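Participant: Structure below; questions to follow.
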Amino acid sequence: MARYKSRKDRIYHALRLYHGIGQEKEWSREEIADFLDVRRMTVDDYLDNTEQAEELRQTFDSLADQTRQELIMDKKDRLRQLRELEEELAEAVEVIVTDYKIKRMELEAVDAPGKGVTVSEEADATYEGTVPVPNKVKQVPQFSRLKAVWEEMRETEAELSNLMGLNAPEEVSVDAEVTEQKFYKLGTDPTDEGFPEAEVTDLSEEDSV
């Protein structure tokens, strides 16, 4: 005997369980049939052919379309930001040291609390030492940052194309009419089984595909 007397109640619970509404997981059609104590084909009818199921599908489609539009706007905004960053990096340079000289200088020790180094006020904190001093520098484009921007731009453009359906494969429809069918039995000697003789025919331009 069905768990719920009302068909409307059975449809409601079938849709709720199948789509995981208020549940930890989505139920299979077989599980729903067992729970409602009805046949599997009855559950199929509840989920596929009822007015409630159609209303729920339209709601899901509307939510999915809204979410897709929000994602598209986010991707477009991110792509705009990346293009602006690309322009900034294309004009920006960073200075790197290409050569240095070792010079002897008077150095002063200072406190470094983060590394546990302290210098008392009474101590002589100066000493003679050698340090590398930049001798030559050059300006170079920020290639590493530009590369990262370009990679993210490619990924973002691909995701945007997928969301907008631009990468969907084109559908190809081929129609043909069969005017005659012949079936031949495979045997040891094709000539004994009535196979047609092979003919070589030149195709006209109209016959070519």
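The values are calculated or read from the model by the stated rules, or taken from the named source; none is laboratory data. All figures in this text were calculated on a predicted structure; none of them were measured in a lab. Note: ideal-geometry Cβ built from the backbone for every residue, glycine included; neighbour counts use all protein chains shown.
Participant: Could you list all residues from region 42-56 that are of a type in the set (S, T, N, Q) and surrounded by 14 or more Cβ atoms within 10 Å (Cβ to Cβ)?
Facilitator: Selection gives THR42, THR50, GLN52.
Participant: Let me ask something else. Any chance region 67-89 includes a residue that's farther than 30 Å from LYS147 by Cβ and of a type in the set (S, T, N, Q)?
Facilitator: yes
Participant: Right, next: Do we find that LYS8 is surrounded by 12 or more Cβ atoms within 10 Å (Cβ to Cβ), basic (Lys, Arg) and at pLDDT 90 or above in this structure?
Facilitator: Values: surrounded by 12 or more Cβ atoms within 10 Å (Cβ to Cβ): no; basic (Lys, Arg): yes; at pLDDT 90 or above: yes.
No, not satisfied.
Participant: What are the residues in region 14-41 that are surrounded by 13 or more Cβ atoms within 10 Å (Cβ to Cβ) and touching a residue at least 12 places away in the same chain (Cβ under 8 Å), if any?
Facilitator: ALA14, LEU15, LEU17, TYR18, HIS19, ARG29, GLU31, ILE32, PHE35, LEU36, VAL38
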